[in-house]
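For reference, the structure discussed in these notes is given below.
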Amino acid sequence: MRLIRYFFEIIRGFCITARHFFVNIFFHILNLFGIKTKRRGAVTIQYPEQRAALASRHRSLHRMMKREDGKPRCVACMLCATVCPSECIYIEAAEEDDPDIQKYPAVFIIDLNRCCFCGFCVEACPEDAIRMDTEQIELASYDRKKLVFDIDRLLE
Ligand code: SF4
Ligand code: SF4
């Protein structure tokens, strides 16, 4: 009885694989003839040699935007640090000589060990100083210290 069940499951597995194969072929043939369908045939991307294009709204590694004079746009208002749910942004504000700017971040650290890539910091920033559009997604490291980004790394 067990043996019959065993072969039955193997045949069932073959059927599922064959079904996916033919459904994919069907959608690829439709696309080949320019027929647009809601569903697309599955494709295999040979990562890391090949890379899929990231969506424009994809959130990747943070970067700090610069002013025209090369200084960071950040005015150390602390909004990003306040809104961050992971509490992984640390800022020390300092007085800026320019009265229009008033403050700048003497220290600005994002600890990616804790970051959940929610993007709240980007949304909260009134100066558009911080963005998550670097398309850098390979951030794994064996060393936790390498995932602590200071302002110099964020400005790179
Ligand atoms: S993406 Fe989210 S968790 Fe990461 S630093 Fe910004 S607010 Fe914090
Ligand atoms: S919200 Fe923007 S301007 Fe304010 S501290 Fe954060 S990065 Fe700087």
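Every number here is computed from the coordinates shown, using simple stated rules; none is lab data. These numbers were taken from a predicted model, which means no experiment stands behind them. Here the Cβ is made from the backbone with ideal geometry for all residues, glycine too, and neighbour counts use every protein chain on show.
Tabulated data for the structure shown
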{"quantity": "Centre separation in Å (Cα based) which lies between region 16-68 and region 75-109", "calculated": "39 Å"}
{"quantity": "Net length gained if the chain between PHE33 and ASP133 were fully extended (0.36 nm per residue, minus Cα distance)", "calculated": "32.5 nm"}
{"quantity": "Two-site label geometry, ASN24 and ALA106: point separation in nm, points 7 Å out along Cα→Cβ", "calculated": "5.8 nm"}
{"quantity": "Estimated [θ] at 222 nm from DSSP helical runs (n ≥ 4, -39500 (n - 2.57)) normalised by residues in the chain, nearest 500", "calculated": "-9000 deg cm²/dmol"}
{"quantity": "Separation in nanometres of the label points that stand 7 Å from Cα toward Cβ, at ARG67 and ALA53", "calculated": "3.6 nm"}
{"quantity": "Contour excess over end-to-end distance, with Cα ends at ASP143 and TYR90 and 0.36 nm allotted per residue", "calculated": "17.1 nm"}
{"quantity": "Radius of gyration, Dmax [the chain; alpha carbons; angstrom]", "calculated": "24.5, 85"}
{"quantity": "Relative contact order (percent, whole number), the chain, Cα cutoff 8 Å, 6+ residue spacing", "calculated": "24 percent"}
{"quantity": "Cα-based radius of gyration of region 63-155 once divided by 2.2 N^0.38 Å, which approximates compact folds", "calculated": "1.06"}
{"quantity": "Volume of the Cα convex hull of region 1-43, divided per residue and given in Å³", "calculated": "58 Å³"}
